[in-house]
1. Within segment 398-413, count every residue that is surrounded by fewer than 14 Cβ atoms within 10 Å (Cβ to Cβ) and at pLDDT 80 or above.
2. In segment 210-231, is there at least one residue being assigned to a strand (DSSP E or B) and free of Cβ contacts under 8 Å to residues at least 12 places away in the same chain?
3. Has segment 141-158 got any residue that is surrounded by fewer than 20 Cβ atoms within 10 Å (Cβ to Cβ), in the same structural domain as Glu42 (by TED's automatic domain parsing) and under 16 Å from the mean Cα position of the chain (by Cα)?
4. Applying the selection to segment 232-246, what residues are under 21 Å from Arg116 (Cβ atoms) and outside any loop (DSSP other than H, G, I, E, B)?
5. Suppose we filter segment 320-344 for residues that are at positive phi and either among the hydrophobic types (A, V, I, L, M, F, W, C) or in the same structural domain as Ile87 (by TED's automatic domain parsing) (or both); how many remain?
6. Would you mind telling me which numbered condition in (1) in a loop (DSSP other than H, G, I, E, B); (2) closer than 16 Å to Lys246 by Cα; (3) more than 16 Å from the chain's Cα centre (by Cα) Ala135 fails?
7. Within segment 75-91, which residues are over 19 Å from Leu65 (Cα atoms) and touching a residue at least 60 places away in the same chain (Cβ under 8 Å)?
8. Any chance segment 255-263 includes a residue that's among the acidic types (Asp, Glu) and within 23 Å of the chain's Cα centre (by Cα)?
Amino acid sequence: MNNGLRLLLLVVFMALLLGIFLSIQFLREENEITIFVTGDLEGYLVPCGCRTSPAGGLSRRLPILEKIKAEKPNAKIVPVELPNIYIDRSPSKDLINKTVGDFLFRNNYLVAIGGRDLSFGEKLKDYYGGSYYLAGVQGFKEGEIIELGGFKGLPFGEKGKLHLLFLSELEDKPELPIKVFKENAEKYKNDAFVIFGYLSPQTIEKILGEKVQILGVFATWGNTVTSFPQKAKNSWVVFLGDKGRKYARFDISYYEGKWNTWPETSYIDRELPYDKAEEDKIVKVLREDEEKNEEILSSMAKKFESNSDYAGSLYCKNCHKEEYEKWEKTTHFSATKVLEIDHQEKNPECLVCHSTAFGKGGYPDKTKDFGGIGCEVCHGAGKNHPPSKMKVENGTQTCLQCHTKRDSSYFNEGYLQLIEHSSKKKSKGIFVITGVAN
């Protein structure tokens, strides 16, 4: 055999080996997935003005997603949105929520919902064109099953099944997540799970007690936030309850029968780039929202112009200077201004509980001092005082109109016990706000 023939056979052999190698690579299934998790949005389209770390904004999510796709060209990228998704306190809530839903639909999010989102009923379909996820509740999808590893159409190569399961605690069904997860754990003993939803730490602890492989739990629960991913019983746990300000990235791979995971969390910082086309849409929506709010406030102010029984807190200060100065040091004093943090200072449905006598002849009248939760919120209109006496007829019920279980979870058990309304009246425990002001 001459050298030329040997060389030709070598080239053919190498080409054959290369062809086999490339064929195997072509037939290889995906063995990596990256999950991009955000949540607790509550309709916030732009970064909040939080004093600690201004962050968030829908338009800043897109460059992050693009960066992940560039870093992981061979991985399946799955964006997930956790409850609570929609805003329920705004005259423009339908407009804002439709904007949120359209964004999630266009960017292929898997959308988990919780109890507060369920309160929108049939409007959920108007907001979002895709399927919602909530296991154990009729009309919603339970989750997704993703296979990683192995080869297309070939009998060899081990595959791993990953269940993305969506669970949320509901007020009337607090045990539902545990019940549903136990059923899934029993049915798919040899598979792995990642869990998403509105879940308390106590419920997560019970879920992690099941004898099945749980790679991670990503949840929202009130204001609970984990600064970094936490390891609990060999599972990663991340809480993202922070008005859409944070995101989590969860890299998962499956090789030779073994799951490998790596989570990260970070703020969607204001310094990050944003998608201009998305930002332009949001700016337009917020402009419409602001115009609607201003129209409502202007109408209210004109309605009671020079015809109100409310006098404003500065009027009270003339005789009650000590009480006024004490009030100035409380969060009630800054209750209206604090709305600026989340860009809600003109939202009528927030101002009801963040100003004095809203819509009753007080705020938004700018000619008097009706900012904050002032004297007249509890004591009533003060125009005729003195000489008429003033009293709080409803006592602590006045507080509970705004300090609800939803917005002040521990008010009854905690903060209410600390109330000391006047330095002239000391008490060992609660000072129930009743009686007469002279």
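1. Going through segment 398-413 one residue at a time, the tally reaches 5.
2. yes
3. no
4. Result: Val238, Phe239, Leu240, Lys246.
5. Count: 0.
6. The one condition Ala135 does not meet is (2).
7. If the condition is that a residue be over 19 Å from Leu65 (Cα atoms) and touching a residue at least 60 places away in the same chain (Cβ under 8 Å), then Pro83, Asn84, Arg89, Ser90, Pro91 are the ones that fit.
8. No - not one qualifying residue is present in segment 255-263.
The values are calculated or read from the model by the stated rules, or taken from the named source; none is laboratory data. The shown structure was predicted, so the numbers you read here are calculated from the model rather than taken from an experiment. Methodologically, a virtual Cβ is constructed for each residue, glycine included, from the backbone with ideal geometry; neighbour enumeration extends over all protein chains shown.
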